[in-house]
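No lab work stands behind these numbers, since they all come straight from the coordinates. Since we're looking at a predicted model, the values are computed, not measured. Reconstructed Cβ throughout: ideal geometry from the backbone, glycine too, with neighbour counts over all protein chains shown.
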């Protein structure tokens, strides 16, 4: 069986340093990492290698079914690699009893200097079977646009 990889990328008009900091500051991360149709609550956030973060995502649609309970998706992330200004890697482990979402997904974010812009790539490995690939890649692109908006680099 071939490992499924979901990915997205975007050129953002901001320096690598600014983008990298958006991964390390709790309010920044919450701002751009929360999907458009959700609100979030961060229970804990330790942006160090080996540090964890716990996030609750709540669907705006009260009727939506979350992966955890009710309209909630809860997950624990673990920062695996923090390579200043270049690369951030973390795992996401959903708090769920649903077998189709029981997998530890790795997200690797790379920041590549392109002069006046930074190429931001995200690659997700070991994506849970229950996550639709087309919807997930669309969500990743939207994450990138929210990141660009957060750093004030929307074109």
Original post:
Looking only at segment 47-67, which residues are within 18 Å of residue 30 (Cβ to Cβ) and either touching a helix residue (DSSP H, G or I) at 6+ places or on another chain (Cβ under 9 Å) or exposed (fewer than 14 other Cβ atoms within 10 Å of the Cβ) (or both)?
Top reply: 47, 48, 53, 55, 60
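Which of the residues spanning segment 14-25 are exposed (fewer than 14 other Cβ atoms within 10 Å of the Cβ) and touching a residue at least 24 places away in the same chain (Cβ under 8 Å)?
Matches in segment 14-25: 17 only.
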Original post:
Within segment 117-142, how many residues turn out to be out of contact with any strand residue (DSSP E or B) (no Cβ under 7 Å at 6 or more places or on another chain) and closer than 13 Å to residue 19 by Cα?
Top reply: 0
Subject >> Single residue of segment 126-136 satisfying the filter (surrounded by fewer than 17 Cβ atoms within 10 Å (Cβ to Cβ) and in contact (Cβ under 8 Å) with a residue 60 or more places away in the chain) that is farthest from residue 54 (Cα to Cα) >> reply: 133
**OP:** For segment 139-151, indicate whether the set of residues that are in contact (Cβ under 8 Å) with a residue 60 or more places away in the chain and closer than 16 Å to residue 85 by Cβ is non-empty.
**Re:** yes
Original post:
What are the residues in segment 19-78 that are under 14 Å from the mean Cα position of the chain (by Cα) and part of a loop (DSSP other than H, G, I, E, B), if any?
Top reply: 25, 34, 35, 36, 47
Subject >> Residue count, segment 79-101 (criterion: in a strand (DSSP E or B) and either over 16 Å from the mean Cα position of the chain (by Cα) or free of Cβ contacts under 8 Å to residues at least 12 places away in the same chain (or both)) >> reply: 1
